Structures are given as C-alpha cells and as structure tokens.
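The structure under discussion appears below in the form of structure tokens.
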Amino acid sequence: MNLNLTIPDILLFITSILLVFNTILLVIKINYKNYVLVSSLSMYFVFITATVVLLIFTRYNVKILNSGTILTLMTLVYSLYNVFHYISLHQLIVKNNRFNVKYLFHLGSTVILGGLVLYLFEPIYIIKGKAYSYVFESQYLMQVQNKNFIILLIRFFHPIIYFILGGYLLFSFYNSPNYFSHQKSTRYFINVFYFQKILLFIMVAIGYLGFNIDNDLYTQISMTGFSVAALIISSYILLNPNILFQISKLNHNSKKIPLVESKLLEIVPKLERIMDQNKYYLNTNYSLTNFSSDTGIPANTIREVITTNGHKNFSAYINSFRIAHVEQLISNGYLDTYSIEYLCKDSGFQSEVTFYRVFKKVHNCTPKEFSYKLKSVK
C-alpha cells in the first residue's frame, strides 16, 4: 500500500474525519419532533462519508472482496447521497416532520438502480491505472461493454436529475411567501447545502473529463475539489454551532403558552432590542411569522406581548419602529436631499398612502410639516 501522502490525500482523510464528526452531532439531535429532517441529513452525511472512504480505498488500492466491488458500491452510494440531499433540502424548506410519500418514489428508484447495477455489472479485471484514476478509468472502460455502458449512463444522468430537482426546489423556495419565515442563518445553510452539491457534481465531471483526454491534472483537481466541496458543508456546521440547534428545532410547532402579565412585560424589552438591532422593520414584507422565527418566540406569545404593551396588532407594532426611523432621518436633514417617496421606501413602508396615514396618526401632521417644525425649533 502506498503511504506517500499528498495534499489531496490529506484532504481526503481530514474530510472523512470531519464528516464522521458532523454525522455524530446530527444523530444525537434526533428526536420524535424532528426525526424526518435530521435523520435524512444524517443519512446524507453517512453516504458522503462513505463516498470519501471509498475514494481513499481506491486511492490505496484497498480490495473489498473483488476488483469490481468498489465500483459497484460507488454507484450505489453515489446515487443514495443524491437522493438524501434532495430529501434533506426539501425538509429544510417545508419545515415539517412528515414523511412525504414521494420520498418513497425516490428511494424506490434507487433500489431499482441498485438491482440494475448488481445484475448488469460485468467486472473489469484488468485495470491499468492505480489510485484515484482507478475510479475514472474503470468507468471509462465500461463503454466497451454493452451492459456496463447502461450503468455508465445511469451514473451520469442520476446526479443531473437531482441537480435539476434541487435547483427547482430552491427556485420555488425563493419565490414563495415562506422564504422569510426561515431564520437568516437557516437560509444561508440551505444555500451552502445546495452550492456544495453543485461543487460535488462539477468535480466528479472534471474527473471523468480528465481521464477521457488523458490529463492527470484533471484527476488531481477533481479529487482535491471533491474533498473541498465536502469540507465546505462540514466546516460550515462546525464554525456555526447554532445551526445544529436551529435545524434540530425547525419542526417544532409554536403553541400558545399562557404567561402572566409580569412575564409578558419582561419580554417587551427583548423584542424591542432584537427589532432595533437587526432593523427588521426596514423590510417591507417582514411579518409576525418572520419575527417569531428570528427570535425563537412563538407567534402567539409575541402577539400577546405587543397587545399587552398597547399595540393593536403586529402591523401597528412594527410601524412604530418605522415612524421612529422616519423621525431620525428627518432630524438628520433627509428631506433636504431626498423626496417623500424615498423616505417612505427607506423606512420600510409598502406604500406612501400607508406611510402618510400612520405618520399623521402619530404626529397629527405631514412629514414635510414635521420637518418645518423641527427647523423652526432649531
């Protein structure tokens, strides 16, 4: 066994260790309220880890039963991590703890794929290349055998299908009203999660392309890039420890918890501080659901808090922050340079009509009149 470690080798070993660690962290977070999401994420990490381990085996020519077993396992594992990536992405977006029936279709198709691999695979006993090239070379040599050529096509199109499905899922998510109901950190995680899948797909494609044009540099780029792509998601989780807590509680339903008035009053300054520091009120589409997700406080509790504090509803509550922001801008001479239209947009109001109505209700005058009053006092 060749033990001369190169940079790609080191990356493979580090990646496998971090992936195992992330898998363990996810598994211990599984409970009856989140088992679908966290279990699917755990399985995704299991199969990514298995892929990296199999790459290490091919790198050092570790034999498992016979020369064809690794290639067969690679086909199955490669297909399974595509499926569980899609299921995990879907669960992260929909935020519920229900096993969707269509998951059975995806898993069932993979079982059929596994059966085809076992039935159609014809072992290739003479492999010229060694190490990581073994994977690409054996895949390339499949083209000379009719049955193995079918497996070649399956391995090529299967990730493309799930690449497209995941992209459509993400596109629909961005254009849905549920987008802002997710915490910012969770939205970033979803982006990183899909971006990492794109990198994995690209790096595998580079490996096959490199072998076809007989360029070993492409093979090295592929191996290094695959390790880096797998490291991205594991490092992201390790560097953002709170993301595991957020993921593990994504499926918790907000239930109304009666609170005594003293407890409600204690929450008031906390909500005001969070709203002011993060300036959520500048987002015209920011809702009670968004605020509940960003604070971790049930929506019913927030509603009870703001009504106890004298606001009619959440809209009146968030508009109070917008009006305070308007007052600050006017005091700083904003209207000397910009129009009322810009003032409205820069303060988070959806329309000028709403802006004027709310402002006049608070100050009993228009923003222009308010500006004149401030100047006369100075």
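The table for this structure:
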{"item": "Accessible surface ranking that places the most exposed of 174, 81 first, with a 1.4 angstrom probe", "result": "174, 81"}
{"item": "Rounded accessible area of residue 311 (nearest 10 Å², 1.4 Å probe)", "result": "50 Å²"}
{"item": "Accessible area in the full protein assembly, largest first, 1.4 Å probe, for 336, 294", "result": "336, 294"}
{"item": "Accessible carbon and sulfur surface of the stretch 258-378 relative to its total accessible area, %, 1.4 Å", "result": "50 percent"}
{"item": "Pairs beyond 22 Å (Cα-Cα), from 312/360; 312/375; 33/95; 33/312", "result": "312/375; 33/312"}
{"item": "Protein-only accessible surface order, largest first, of 200, 80 at 1.4 Å", "result": "80, 200"}
{"item": "When each of 345/373; 197/345; 184/361; 197/279 is checked by Cα-Cα distance, pairs over 26 Å", "result": "197/345; 184/361; 197/279"}
{"item": "Heavy atoms of residue 345 accessible to a 1.4 Å probe, total area in Å² rounded to 10", "result": "120 Å²"}
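The values are calculated or read from the model by the stated rules, or taken from the named source; none is laboratory data. Since the structure is predicted, the reported quantities are computational estimates derived from the model, not experimental observations. Each accessible area value is taken on the protein alone, full model and side chains, heavy atoms only, with ligands, DNA and RNA left out. Shrake-Rupley method; radii C 1.70, N 1.55, O 1.52, S 1.80 Å.
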